[in-house]
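The values are calculated or read from the model by the stated rules, or taken from the named source; none is laboratory data. Predicted model only: the values in this text are computed from it and were never measured. Glycine gets a Cβ as well: all are built from the backbone with ideal geometry, and neighbour counts include every protein chain shown.
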């Protein structure tokens, strides 16, 4: 039991000792920060600033042997503004720029920057510890903006395109200047520009004069355009009249052509109709002549056949029948003693019919 007790006490003391060692002999760099370690006596490494930048986490810190400088690694802001309640310094802190012509322009400037990643130890060696780098950023920003923006005239500060062009130039120059000190420029903004009352009045007068010149110019152009409009209207009316005349002429010509075409079509139609009627009459006459000829031939053929028939027994029979048809019996008195009407053969003989039997005999 005593052995377990001693072991437990040893474990607890070991844990306490390890925790004490961690708390006393290490340092924690939080997120958004970087650190630079300085070897004060050169016990573990070469004396002085170590040639590396430490990222967030736990790192060695042996009391007086090691010392640390912690830097902000996030994007930082430098504000130069006339607003006393806003900016890095209390009171009016805007940037005064002497523009071309000797007039002073007040600008509110915002610079976004950060310590170059992995270069905090180099910045420390060059600029020193603490916030000395912030002083360098402010000084370099003021000098660069004064030099580059001072190339503009006061009137050009009113022009957003020109101002943006020069601001881009200033940012490029500032990136190069601060880059030498291991500081990275993110963006440069000119947020507000203020002129003196005298300058604003001067610019206003110049703008009014310019506007008056433009107004006179446009009025003259308007008068010239009125004359051009009147000329165009006259030419347009003339062209409309010519077009109407040409349209009427074309209309008359078209009507004449149409009438001639209609007359031509009527004449052709009548000619065609007359021709077809003549052809139809000719065909009808020819057909009638052929019909009459056929009738005549048929009558002649019939007459011939009749004559041939009359030459034989049939002929006498036909003659007898014709004679019988022509006899009017209503006024004739006939003796039934001498004539027997029921004896057909005798009756036929009396009319001239030759009976076959007798002919054969």
Unmet requirement for residue 162, which otherwise passes all of (1) within 27 Å of residue 207 (Cα to Cα); (2) in contact (Cβ under 8 Å) with a residue 60 or more places away in the chain: (2)
Is it fair to say residue 112 is in contact (Cβ under 8 Å) with a residue 40 or more places away in the chain, surrounded by fewer than 19 Cβ atoms within 10 Å (Cβ to Cβ) and under 30 Å from residue 29 (Cα atoms)? yes
Just checking, how many residues over the range 94-109 are exposed (fewer than 15 other Cβ atoms within 10 Å of the Cβ) and within 50 Å of the chain's Cα centre (by Cα)? 1
What do you reckon, is residue 30 exposed (fewer than 10 other Cβ atoms within 10 Å of the Cβ), at pLDDT 70 or above, at negative phi and within 60 Å of the chain's Cα centre (by Cα)? yes
